[in-house]
Amino acid sequence: MMNINELLRAYEKGQRSFLGKNLQNVDLSQVTLIGVDLAEANLRGANLSRTFLTKANLRQACLRLANLTAAKLSQAILTRADLTQANLSHAFLVQSNLEQTQLKEATLQHSNLRQANLRGANLQGANLQGANLSEADLTHANLEGANLTNTLLTGAILQNTNLRETLIYEPQSFSPLDLECLTLPVNQFSLFSSPFLLQN
């Protein structure tokens, strides 16, 4: 396992690549790691709360059960990363790349995912209550059983998105065009409020 102080010293000296490093359960909270390359790293259970990871590369990293509360991850690369049951509440993920990322049962309450790429992402059972998904691309994403209460979806792309048993109690967050490409029958939206059903 890599020593935290060793990593921070190397970063301060200009090193950015820490490919595949074992950083399980480390505490890197409130640290600045802008542009760091942690692709394929093991960050399972790590504390990255309020950490600055703008433009970081976390491709295929293991972040299961990690604490990323209020982390700054704008324009970060998280493709195919494993964020199962991770806490990303209040995280800043504007224009981040989360294509095919595992976010099953993750907490994303009040996170900012504006213009994020979530194509093919697995958000099954995730809590997105109060999140900002405006202009996000959710094509082929799995949102089965997710909580989208009070979630902002203005301009979001929902083509072939799985919304079975998804909780949405604020239908005004959609525009009628947002639902054009959904292929589920009306009876799948059993937990939606009646105004939403009327729009479909």
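Looking only at region 18-37, which residues are over 15 Å from S74 (Cα atoms) and part of a loop (DSSP other than H, G, I, E, B)?
The first filter runs over region 18-37 and keeps only residues over 15 Å from S74 (Cα atoms), leaving 18-31.
Matches in region 18-37: F18, L19, G20, K21, L23, Q24, N25, V26, L28, S29, Q30, V31.
Quick one: would you say Q109 is polar (S, T, N, Q) and either in contact (Cβ under 8 Å) with a residue 40 or more places away in the chain or within 27 Å of T32 (Cβ to Cβ) (or both)? Steps first, please.
Details: polar (S, T, N, Q): yes; either in contact (Cβ under 8 Å) with a residue 40 or more places away in the chain or within 27 Å of T32 (Cβ to Cβ) (or both): yes.
Yes.
Looking at Q15, Q95, just one residue is closer than 24 Å to A141 by Cβ and part of a loop (DSSP other than H, G, I, E, B), and that residue is Q95. Test S49 against the criterion of being more than 21 Å from A156 (Cβ to Cβ) and either in a loop (DSSP other than H, G, I, E, B) or among the hydroxyl-bearing types (S, T, Y) (or both), and give yes or no. Judged against the criteria, S49 is a match.
Sub-7 Å Cβ pairs linking a first residue in region 10-30 that is under 24 Å from T69 (Cβ atoms) to a second residue that is of a type in the set (K, R) and at pLDDT 95 or above, at least 6 apart or interchain, are Q24/R44; S29/R50; Q30/R50, ordered by first then second residue.
Residue-by-condition table, conditions (1) within 12 Å of the chain's Cα centre (by Cα); (2) among the hydroxyl-bearing types (S, T, Y):
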{"site": "A116", "(1), (2)": "yes, no"}
{"site": "G125", "(1), (2)": "no, no"}
{"site": "S134", "(1), (2)": "no, yes"}
{"site": "A141", "(1), (2)": "yes, no"}
{"site": "E144", "(1), (2)": "no, no"}
{"site": "A156", "(1), (2)": "no, no"}
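The set of residues in region 65-80 that are basic (K, R) and in contact with a Leu (Cβ under 7 Å, 6 or more places away or on another chain) contains only K72. Pairing each residue of region 74-102 that is within 11 Å of A121 (Cα to Cα) with any residue that is among the charged types (D, E, K, R) and in a strand (DSSP E or B), provided the two are 6+ apart or on different chains, yields C-beta distances under 6 Å for Q102/D82.
Somewhere in region 58-76, is a residue part of a strand (DSSP E or B) and among the hydrophobic types (A, V, I, L, M, F, W, C)? Even if it seems obvious, please write down each step before you answer.
Within region 58-76, the subset part of a strand (DSSP E or B) is 62, 67, 72.
Next, only the ones that are among the hydrophobic types (A, V, I, L, M, F, W, C) stay: 62.
The answer is yes, given that some residue of region 58-76 is part of a strand (DSSP E or B) and among the hydrophobic types (A, V, I, L, M, F, W, C).
The values are calculated or read from the model by the stated rules, or taken from the named source; none is laboratory data. Keep in mind that what you see is a predicted model, and the values were worked out from it rather than measured. Using ideal geometry, Cβ is built from the backbone for each residue, glycine included, and neighbour counts are taken over all protein chains shown.
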